[in-house]
Structures are given as C-alpha cells and as structure tokens.
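Enquirer: Let me give you the structure first, and then I'll get to my questions.
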Amino acid sequence: MSAATYEVLAVRYGTLAARKSDLYYRYESYGEPDADAAMAYYFWVLRGAGETILVDTGFDPEAAARRGRTCLVPPLAALAELGIAPGDVSAIVVTHLHYDHTGNLHAFPSAQLIVPSRELEFWTGPHAGRGQFAPHAESGDIEYVTQAAAQGRVRVTEGTEEIFDGVLAISAGGHSAGQQVTVVDAAGGPVVLTSDAVHL
C-alpha cells in the first residue's frame with residue numbers, strides 16, 4: 001500500500017429499466033428465458049492526499065433523456081450534495097469516452113483529464129463515426145476532450161500506470177478501445193473500480 005490512502009465514494013445517479021436481451025450480447029444463444037433487468041449508473045469520488053479526484057462524470061441529463069435513461073440526480077447536483085464544487089476537483093480519470101462517462105466534463109474547466117491513449121486515438125480516428133460505435137458517444141464530449149488536449153489539460157495513460165500516489169490505471173480494452181480500470185488504495189485495502197469492464 002502506498003503512503004496515500006483515499007476515501008472512495010460510489011455515486012449512483014441514474015438507472016435503466018431493460019430486458020436481459022437488451023443488455024447481453026446474443027442473449028438468445030444462452031437458451032434462457034428473457035426477463036426484466038435493471039442497470040445502475042455510477043461515477044466515483046476519490047478524496048485523499050489533499051486532492052478530490054473524480055473517476056468519470058456521468059451522463060448529461062438531457063443526453064440521458066434522449067437515450068431513454070432515468071436520471072435519479074444530476075451528477076453535478078450529487079456532487080453539490082457531497083459538498084464538492086467543480087473548482088475543488090483537481091483531476092478526472094476518464095475510464096473511456098462513452099456518453100455516460102463524459103457528460104459533465106465541461107463543468108470542470110480547471111481539472112486535468114486523464115485519458116487512455118488508445119481511447120483518445122480511437123474516438124478521434126477514422127472508425128469512431130461508424131454505425132456500431134458512434135451512438136455510444138456524444139460528439140460534443142469528444143470535441144471537448146480534443147480541445148482540452150490542445151490546451152495541455154489531458155494526460156494520456158498507457159498500459160498499467162500509477163497516475164497518483166495510491167491510484168493505478170490499467171488499460172483493459174474490450175468494452176471500448178481503451179477502457180481503463182482504476183485501482184485505489186483505501187483505508188480498508190485496495191478498491192478496484194472496473195467501470196464498464198465488469199458491468200453487471
């Protein structure tokens with residue numbers, strides 16, 4: 001364990017009522033009956049070593065409504081209820097660039113963004129606009145990250161990297177080109193934030 005330990009807060013801000021066949025790839029191949037399923041949406045707050053760090057920023061409530069998701073509490077309002085103002089956030093670990101992880105980045109103009117290099121390359125590359133990929137992101141969010149990179153506010157990660165004392169980023173891929181897992185040293189031991197690498 002590192003010298004730094006963090007309080008880790010999981011913030012559940014949204015939900016989706018769906019069918020298992022909507023959530024599992026080729027569900028019919030399992031030979032099991034379809035059934036109702038619920039999916040929760042989270043982002044995380046890390047507090048420690050004098051820093052407040054977010055892992056993702058959730059979806060924008062308007063984008064969520066367009067996509068049929070239920071916003072239980074707008075992410076920025078949830079942070080306010082925790083006593084966290086945008087200016088308190090020093091960095092945001094962006095696990096990947098899907099809409100439900102990047103929807104509120106614009107509210108943190110002074111925060112450093114930590115983004116997997118493979119993810120940034122994919123979403124600014126020639127394949128991002130294809131039909132099987134484009135619906136998972138909001139073009140305005142991608143443009144915001146691109147502009148932040150041009151301003152020098154984006155730190156890219158590769159492979160497995162300690163991004164802060166006590167915070168490890170691991171490139172996992174799979175769900176998205178550069179999907180990142182975050183391992184955090186907490187008082188009770190390591191906390192693994194898998195984001196969408198382990199979804200349900």
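Enquirer: So how long is each side of segment 95-177 along the principal axes, counting just the alpha-carbon atoms, biggest first, in Å?
Expert: If we take the Cα atoms of segment 95-177, the spans are 39, 28, 21 Å.
Enquirer: If you take the beta carbon distance between TYR30 and VAL192 as r and set R0 to 22 Å, what does 1/(1 + (r/R0)^6) give as a FRET efficiency, to the nearest 0.05?
Expert: 0.25
Enquirer: Sorted by accessible area with a 1.4 angstrom probe, largest first, how do ARG67, ARG12 fall?
Expert: ARG12, ARG67
Enquirer: Something else about it: Please list the three semi-axes, largest first and in whole Å, of the ellipsoid equivalent to segment 48-200, using sqrt of 5 times the eigenvalues of its alpha carbon gyration tensor.
Expert: 22, 19, 16
Enquirer: Now for a separate question. If you wrap a convex hull around the C-alpha atoms of segment 1-135 and split its volume per residue, what is the figure in Å³?
Expert: 156 Å³
Enquirer: So how long is each side of segment 57-146 along the principal axes, counting just the alpha-carbon atoms, biggest first, in Å?
Expert: So the extents along the principal axes, rounded to whole Å, are 41, 30, 16.
Enquirer: In Å, what Kirkwood hydrodynamic radius results for segment 25-99 from the alpha-carbon pair distances?
Expert: 14.8 Å
Enquirer: I would also like to ask the following. Mean projection of the alpha-carbon convex hull of segment 39-80 over all orientations, in nm²?
Expert: The orientation-averaged projected area of the Cα hull of segment 39-80 comes to 3.3 nm².
Enquirer: Could you check which residue among THR102, THR182, THR160 shows the biggest mean-square fluctuation in a GNM of the chain with a 10 Å Cα cutoff?
Expert: Top of the fluctuation ranking is THR160.
Enquirer: Sticking with this structure for a sec: State log₁₀ I(q)/I(0) for segment 130-200 at q = 0.15, 0.22, 0.25, 0.28 Å⁻¹ as given by the Debye formula over alpha-carbon point scatterers of equal weight, solvent excluded.
Expert: Reported log10 I(q)/I(0), two decimals: -0.66, -1.12, -1.19, -1.21.
The values are calculated or read from the model by the stated rules, or taken from the named source; none is laboratory data. The shown structure was predicted, so the numbers you read here are calculated from the model rather than taken from an experiment. Positions of Cβ are generated from backbone atoms using ideal geometry, with glycine treated the same way; all protein chains shown enter the neighbour counts. SASA here: full protein model, heavy atoms, side chains in, ligands and nucleic acids out. Shrake-Rupley method; radii C 1.70, N 1.55, O 1.52, S 1.80 Å.
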